[in-house]
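Notes for the one structure printed next.
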Amino acid sequence: MDKRLLIIQPSHYRSKRDRTVFKTRSRQLVPLALPYLAAITPSDWHVTLVDEQVQEIDFNHPADLVAITSWTVHSIRGYDIAREFRQRGRTVIMGGPHVWFHPEEAAEHCDAVGIGEGEPIWSQMLADAAAGRLQKVYRAPQMPSLAGLPVPRWDLLDRRKYGPFRTFTLLSSRGCPMQCEFCSERLYLGGGFRVRPVEDVVEEIKRCGSKNIFFGDSDFGGKRAHAMKLMEALIPLKLRWSALWTSFLCYDDEYMNLAQRSGLLHVNMGLESISSETLKGMNKKFNKVEKYGIMLESLRKRGISYSLNFIFGWDNETPAVFNSTLRFLREEKVPVAYFNILCPEKGTMFYEKMKQDDRILRLEEIGRFPGEFCHIKPKNFTADELERNVQEMYVRFYNWKSMFQRLPLPVTQGNIASWVVNLSQRRLAERSLGNHNNNFDAF
């Protein structure tokens with residue numbers, strides 16, 4: 001008789017103050033971790049997948065083993081789920097990015113943790129669990145090659161829960177080639193940057209059966225030659241795809257023309273700041289402030305939707321940075337922007353610096369409630385002032401006046417995508433304020 005494996009991707013709590021579980025009826029992004037873990041599971045296990053953002057968890061499920069994969073933002077909810085199953089006598093294992101950075105903490109809440117890439121240790125963990133000899137810690141070596149990875153088991157997900165315009169998450173690489181001081185992405189799974197064979201990625205796209213693809217790579221263009229080859233292979237597939245990449249690629253006309261021809265719908269980029277001095281301090285000098293206008297025009301003239309990420313709280317910043325950033329965004333008619341509070345992520349150079357200077361706040365909550373709290377002692381503001389200013393940036397950027405000034409008419413797919421994201425961000429900002437629209441738009 002097949003053993004029963006329940007694999008769960010937790011949702012998260014809405015905030016530290018509001019411990020209701022975040023749910024959505026309109027999630028369109030189909031996750032990758034769940035169906036991929038199912039794909040590397042031996043055939044003698046019967047697998048059930050649960051994406052908690054769109055499904056309820058049956059805590060009475062007769063699973064022989066429960067596996068939870070989690071980012072830090074999901075970790076508290078993940079621990080609560082693990083406790084519920086363990087109280088019912090179920091064996092629980094955990095893995096994912098959060099476990100990579102916080103293995104000792106995670107091990108306190110489950111029967112075993114898997115640290116690192118799943119492929120080298122997953123089958124052994126399952127075999128040991130079935131035989132009753134589960135170890136507390138399994139640590140995987142980094143795989144030298146990403147060739148021949150199995151196709152995710154999307155058939156085990158209820159695709160109807162992701163709507164008619166569902167977008168499938170795929171990876172064409174692992175890791176990040178950049179060395180940004182504040183970012184932990186490059187550290188996950190042991191560092192380095194590895195790409196998958198183009199033919200493997202193309203086959204995976206064909207097997208998912210969708211024309212809407214999101215490449216969840218930390219940097220889709222991290223190896224330009226590979227990205228060019230992949231985009232060339234995407235052209236006959238007639239996709240609408242999105243990705244994240246480094247801003248300097250937008251100055252490369254050959255790259256951008258191929259991206260447009262291959263169906264690029266949206267790209268997200270980390271500009272982080274409109275100050276050259278600030279960018280130098282975060283080891284992100286490849287972002288050229290004086291060329292931002294050229295970069296954005298490169299996207300606009302090709303009809304490509306885009307979003308920009310910003311981080312606030314650097315030592316050289318003054319309160320004027322908030323207004324000057326908003327002014328830049330409105331003048332450039334940027335369709336979508338995300339505003340973040342500088343955070344000392346564990347393992348980064350910035351974390352070590354802040355720890356040495358005794359400037360870390362709420363250490364145990366870092367990453368669990370993104371954007372809700374400031375986790376450093378800022379130099380030129382109080383932590384409360386920084387939190388309030390970043391929240392007000394969302395309010396001011398996503399009010400109706402700003403949206404109508406910045407956004408083009410929703411007559412193309414890219415423009416429609418920008419309006420959808422703006423409306424979604426507006427709702428999130430409204431909820432964070434707890435105000436009605438008339439108060440919201442008074443900012």
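The values are calculated or read from the model by the stated rules, or taken from the named source; none is laboratory data. Model, not experiment: these values are computed from the prediction. Positions of Cβ are generated from backbone atoms using ideal geometry, with glycine treated the same way; all protein chains shown enter the neighbour counts. All accessible areas refer to the heavy atoms of the entire protein, side chains included, with ligands and DNA or RNA removed. Shrake-Rupley method; radii C 1.70, N 1.55, O 1.52, S 1.80 Å.
Given the options L271, L308, L326, L299, name the one that is among the aliphatic types (A, V, I, L, M), in contact (Cβ under 8 Å) with a residue 60 or more places away in the chain, within 28 Å of F404 (Cα to Cα) and not in a loop (DSSP other than H, G, I, E, B).
L326
Restricting attention to region 12-25, which residues are open to solvent by 30 Å² or more (accessible area, probe 1.4 Å) and either among the aromatic types (F, W, Y) or in contact with a Ser or Thr (Cβ under 9 Å, 6 or more places away or on another chain) (or both)? Lay out the reasoning, then the answer.
Looking only at region 12-25, we keep the residues that are open to solvent by 30 Å² or more (accessible area, probe 1.4 Å), and these are 12, 14, 16-25.
Of everything in region 12-25, those that are open to solvent by 30 Å² or more (accessible area, probe 1.4 Å) and either among the aromatic types (F, W, Y) or in contact with a Ser or Thr (Cβ under 9 Å, 6 or more places away or on another chain) (or both) turn out to be H12, R14, V21, F22, K23, T24.
Looking at region 398-422, which of its residues are closer than 18 Å to N309 by Cβ and touching a strand residue (DSSP E or B) at 6+ places or on another chain (Cβ under 6 Å)?
Answer for region 398-422, where residues must be closer than 18 Å to N309 by Cβ and touching a strand residue (DSSP E or B) at 6+ places or on another chain (Cβ under 6 Å): A417, S418, V421.
Go through region 190-229 and count every residue that is crowded, with 18+ Cβ neighbours inside 10 Å, in a strand (DSSP E or B) and of a type in the set (D, E, K, R).
Within region 190-229, residues that are crowded, with 18+ Cβ neighbours inside 10 Å, in a strand (DSSP E or B) and of a type in the set (D, E, K, R) number 0.
Among residues belonging to region 243-272 that are of a type in the set (D, E, K, R) and over 22 Å from the mean Cα position of the chain (by Cα), point out the one that is surrounded by the most Cβ atoms within 10 Å (Cβ to Cβ). Outline the logic, then answer.
Taking region 243-272 first, the residues of a type in the set (D, E, K, R) are 252-254, 261, 272.
Cutting the leftovers down to over 22 Å from the mean Cα position of the chain (by Cα) gives us 252-254, 261.
Working: D252: 15, D253: 10, E254: 9, R261: 13.
Per the criteria, the residue is D252.
For region 128-148, which residues satisfy the criterion of being free of Cβ contacts under 8 Å to residues at least 60 places away in the same chain and over 23 Å from H102 (Cβ atoms)?
Here is the first cut: in region 128-148, the residues free of Cβ contacts under 8 Å to residues at least 60 places away in the same chain are 128, 131-148.
Passing the criteria: A131, G132, R133, P144, S145, L146, A147, G148.
Might you check whether a residue that is without any contact (Cβ under 8 Å) to a residue 40 or more places away in the chain, open to solvent by 20 Å² or more (accessible area, probe 1.4 Å) and more than 23 Å from the chain's Cα centre (by Cα) occurs anywhere in region 112-120?
Restricting attention to region 112-120, the residues satisfying the condition of being without any contact (Cβ under 8 Å) to a residue 40 or more places away in the chain are 112-115, 120.
From what is left, the residues that are open to solvent by 20 Å² or more (accessible area, probe 1.4 Å) are 120.
Of the ones still in play, those that are also more than 23 Å from the chain's Cα centre (by Cα) are 120.
The answer is yes; a qualifying residue exists.
Quickly run through region 132-157 and pick out the residues that are over 30 Å from V202 (Cα atoms) and open to solvent by 60 Å² or more (accessible area, probe 1.4 Å). Write out each step before concluding.
Step one: of region 132-157, the residues over 30 Å from V202 (Cα atoms) are 132-139.
Those that are over 30 Å from V202 (Cα atoms) and open to solvent by 60 Å² or more (accessible area, probe 1.4 Å): G132, R133, Q135, K136, V137, R139.
Quick check on region 255-295: of everything there that is among the hydrophobic types (A, V, I, L, M, F, W, C) and over 18 Å from F339 (Cα atoms), which residue is modelled with the lowest pLDDT? If you could, list the steps in order and put the result at the bottom.
From region 255-295, those among the hydrophobic types (A, V, I, L, M, F, W, C) are 256, 258-259, 264-265, 267, 269, 271, 274, 279, 282, 286, 289, 294-295; that's our starting set.
Going one step further and asking which of them are over 18 Å from F339 (Cα atoms), we end up with 256, 258-259, 264-265, 286, 294-295.
Working: M256: 98, L258: 98, A259: 98, L264: 97, L265: 94, F286: 90, I294: 95, M295: 95.
Restricting to residues being among the hydrophobic types (A, V, I, L, M, F, W, C) and over 18 Å from F339 (Cα atoms), the top hit is F286.
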